[in-house]
1. Please go through the stretch A:91-101 and pick out each residue that is crowded, with 21+ Cβ neighbours inside 10 Å and either at the interface with chain B (Cβ under 7 Å from one of its Cβ atoms) or in contact with a strand residue (DSSP E or B) (Cβ under 7 Å, 6 or more places away or on another chain) (or both).
2. Tell me which residues, restricted to the stretch B:52-71, are more than 10 Å from chain A (Cβ to nearest Cβ) and among the small types (Gly, Ala, Ser).
3. Could you check the stretch A:1-27 and list, in sequence order, the residues that are within 12 Å of another protein chain (Cβ to nearest Cβ), surrounded by fewer than 17 Cβ atoms within 10 Å (Cβ to Cβ) and farther than 12 Å from B:Leu99 by Cβ?
4. Restricting the first residue to the stretch A:300-314 and requiring it to be in contact (Cβ under 8 Å) with a residue 24 or more places away in the chain, which pairs with a second residue that is outside any strand (DSSP E or B) and among the acidic types (Asp, Glu) meet a Cβ separation below 7 Å and a spacing of at least six or different chains?
5. In the set A:Leu12, A:Leu72, which member is assigned by TED's automatic domain parsing to the domain that holds A:Ser433, touching a Gly at 6+ places or on another chain (Cβ under 6 Å) and in contact (Cβ under 8 Å) with a residue 12 or more places away in the chain?
6. With the requirement that a residue be surrounded by fewer than 23 Cβ atoms within 10 Å (Cβ to Cβ) and among the β-branched types (Val, Ile, Thr), what does the stretch B:55-90 give you?
7. Might you check whether a residue that is within 14 Å of chain B (Cβ to nearest Cβ) and assigned to a helix (DSSP H, G or I) occurs anywhere in the stretch A:103-118?
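The values are calculated or read from the model by the stated rules, or taken from the named source; none is laboratory data. Note that the structure is predicted; figures quoted are calculated from it, not measured. Cβ: placed from backbone, ideal geometry, glycine included. Neighbour counts: every protein chain shown.
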Amino acid sequence: MGRIWAITWHTLREAIRMKVVLVMALLIVAVIVLIPQAVSRPGAPTTSIVQSFISWTLMPLGMILSFLAIFLSCQSISDEMYHRQIYMLLTKPLPRWQYILGKWLGVMLVISLLMLIGGLIIYTVALILAMPAYETRIVRLRDALDTGQVLVDLADLRMSGLAEETEFNPPIRVMEPADGQTPLKWDQSKARAVPWKELAPLAERLYVRIYDRPNDYYAMEHEVLTARATGKLQSPDFLAMAEMRLQQLKEQGVFDSTKTDENQARTALITEASQQWRTIGPGEQKSYTFGQLQWVNRSPTNILQLRYKATAFGYAADEVIQSQWFFGDPRVVTFFGPVPRRDVKDRYHVIPFRAHAVAPDGTLMVTVQNLDARRGEGSRHRGAVMNFESDEGMEVLYRIGSFGWNMFRTLLLVWCRVAFLAAAGVFAATFLSFPVACLFTFMTYILAIAKNFVTEALEFGGLGKGVLGPLEYLLKPMFDGLFYIWPDFSTYDALPQLVDGRVVTTVWSLTGVVQLVGLGALMFLLLGCVIFRQRQVAELSV
Amino acid sequence: MADKRPIVKTIGLSKVFKDFWRRDKVVAVRDLDLEIQPGEVFGLLGPNGSGKSTTIKIILGLLYPTRGRISIFGQPPTDVSIKKRIGYLPEESYLYRFLNARETLQLYGRLFQQAGEMRASRIDKLLEMVGLQHQARRRIGEYSKGMARRIGLAQALINDPDFLILDEPTTGLDPIGTRQIKELIRELGRRGKTILLSSHLLTDVQDVCDRVCILYGGQVRAHGPVEQLLSQEDFTQITAPRLAPRTVEEIRQVIQRQQGSEAVTISHPTERLEDYFIRIVQQAQAASVVTSGAQMGGALPDFLSEQEGDALIESLVSAAVPAPVLSEESVTTMPEPAVSTEIISELVSGPATDRQSFTVIPPPPPVKEQVDQTVLDDLLGSPEDQHRG
């Protein structure tokens, strides 16, 4: 271990002394400083600024570190061979595998260091950029209520009707003024908690601290700087439904299997059933069940989000869909509703609701009523049909962790990708000269990020009909084979999830560690050791 | 010498370098049979490209033999454990420009898994030995070639090796460094270390080696103990204090009478430029002239173990107390001080008036400036040091 560490430490010191680390650190800082300038538009919501910042800095950070890993891993070994310092190392009691491992660890130490610095700066700057959303001011409770600007959480709960309930907990912190004249200074120690039911009559005298931009605050806190898990919509067995319908049609004599292909018909029926299931006609209502909620804290104070996006077929006035929502099982006391909504179509909307609507088995029933028909009565307008788009058309989100740890896990996946590249570089440098090793490693990088592109390009317009013509028939199995063993970096890219405030699961990041480092990098390092053992490092001189 | 097995043994060792198409390109070593015994200073001689470095690299496992067998300490060269007992100074100092001397030695010390304290004390002693203790904080990139060479030597000794491989150790060194290295090799030899010295500087080899082997075209052309190879049994050398011309003439007559030979040369001994140069520098150092280069090296570090007990070595070691300016120790390695002061004063302040030494040539058996003409003229074309006889 001491020897491996000696090589690791030496590699780190080389990178520092050769100013590589310094240059890269400056580049990273430059990116972090310049990106906010580029992405901030005047008047943009704070959330979108923060989201753009995170994605436009973490992505370059990953790329810079990837390139650095390619360069360092190839250079560190090739250089020592070229300048023959390796003679001095390998004539010491240093097994060659320890040399290889030490080099890789050294490169990864450099990467980790830069990643730590870059990650901390990005995290800090993101929080600073988010600060406007957290700005608060002190107002009279009456004014706040009148303008609908009660504490943001409360505002949303009021919208959902939740805040009207007397047992609302935790209570809002309010403060009485010393006298009516002097401007109020918020003193947390003097603030006291008041339950909602006592609050309303005292609204004239009490002061509350409210967020300046409640919508920004809410989106920031609950949709961006958070880590949310998802409860997925449980769809019925469309195949069974299609089968039943087919049987029905056959019995009715409508369907003739001699004239129509049964498989085609079945596919069409499945599509139809699924469409129908996602569609709510004017005035109709439909119940949906969400699963995978068994880890939700079902305390009544815990607020979950239902995120949905619906489109409207037929005329929807002002592009707005009117609906009302019910949460939970109607037979249980925690059933709650209706929550009236007027939401613009084709946009995502979030409805907060209370966690105790979730059944103990981790399922949640949500009933949606399309209110549009009522408007249409007596006129030619027959009301808009509400339709939820496929998988992400409706989902339940709940906070499961913090943004910081979510970012850590995202960076861990980036680290794994870079570790894979560094191992590829070390491998290449054991038998290739610096430029060739660099190119080789760069190719591994390209292959790892281009999997989707290549697959799509080959199949674009049908296999064999693209620019390459029949050659595609040859290339397809080649690439298929290659991609079967080659990692696809996009499956280890958690950045979209992070930016969207969705949890990057520990399982996911561990998958990255196991597959990219435990399998991929290890394989390259083992191969590198095998080749390096055969290698006569002094071969060039006679 | 408890262990009588050879340190290095090669049988029919061959190394052929192939080109890209696997065709034989160069035969660097051809059927080499070599044995290096424990405790000997073995010289590997030969002109450039004769296969010296290739042989050394095979011994070190940096190259693999094409044919033949080789064992070091009874193990194949790829065995990592034997490297603990080997010290290696390559033909050039392949050091890291961005490290300073101390960091360099630390790196190599760590590879031997030496404990921190022991490593630090060894490094101090080695830096002192090679005279770089005051330059230890400078980057090696700023070093002169000779200074880098000294660091190379220091790193070769950091593990107290039983077997020291020195590939052209004196290239790039000034005469003082050369002399020090030779002294060092002799001292290490006295301590029972096994040393493999490769060089094409013949005086170096001649001064320190017990046994030599002359390579040409990857093959052994001559080998054996130095004295045996070089002694000229046909000549005798007498050195005496300054003699009156009459005495000289008498001696000549005696020799002619007794031996019936006219081939008698009588001349004043000239000091070798090397000895003279070293003395001048030592004087400057004694006068504390500042230098940015390496200082004269110090004593051999005491951690370098001895292979066999010897009272003389004991006394040498105990005398070797580190001192800031290390000329005192070096004096012991110099020729007789009495003679040297005479000659310097003679050289510096005009012709000597008083005593002079006459050397009657031809030389005696342990002659220095003479080489086996038959072999070397043949092999080297222009011998380094034409012998006067």
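1. Correct list: A:Thr91, A:Lys92, A:Leu94.
2. Listed by number, the residues that qualify are B:Gly68, B:Ser71.
3. The answer is A:Met1, A:Gly2, A:Trp5, A:Lys19.
4. A:Lys309/A:Asp346; A:Lys309/A:Glu389; A:Thr311/A:Asp346; A:Thr311/A:Glu389
5. Just a single option satisfies the conditions, and that option is A:Leu12.
6. B:Thr66, B:Ile70, B:Thr78, B:Val80, B:Ile82
7. Scanning the stretch A:103-118, I find at least one residue that is within 14 Å of chain B (Cβ to nearest Cβ) and assigned to a helix (DSSP H, G or I), so the answer is yes.
So that you can scan it fast, the table gives a plain yes or no per residue for (1) closer than 22 Å to A:Ile128 by Cβ; (2) surrounded by fewer than 17 Cβ atoms within 10 Å (Cβ to Cβ); (3) touching a Lys or Arg at 6+ places or on another chain (Cβ under 8 Å):
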site	(1), (2), (3)
A:Arg213	yes, no, no
A:Asp216	yes, no, no
A:His222	yes, no, yes
A:Leu225	yes, no, no
A:Ala229	no, no, yes
A:Gln234	no, yes, no
A:Arg245	no, no, no
A:Glu251	no, yes, no
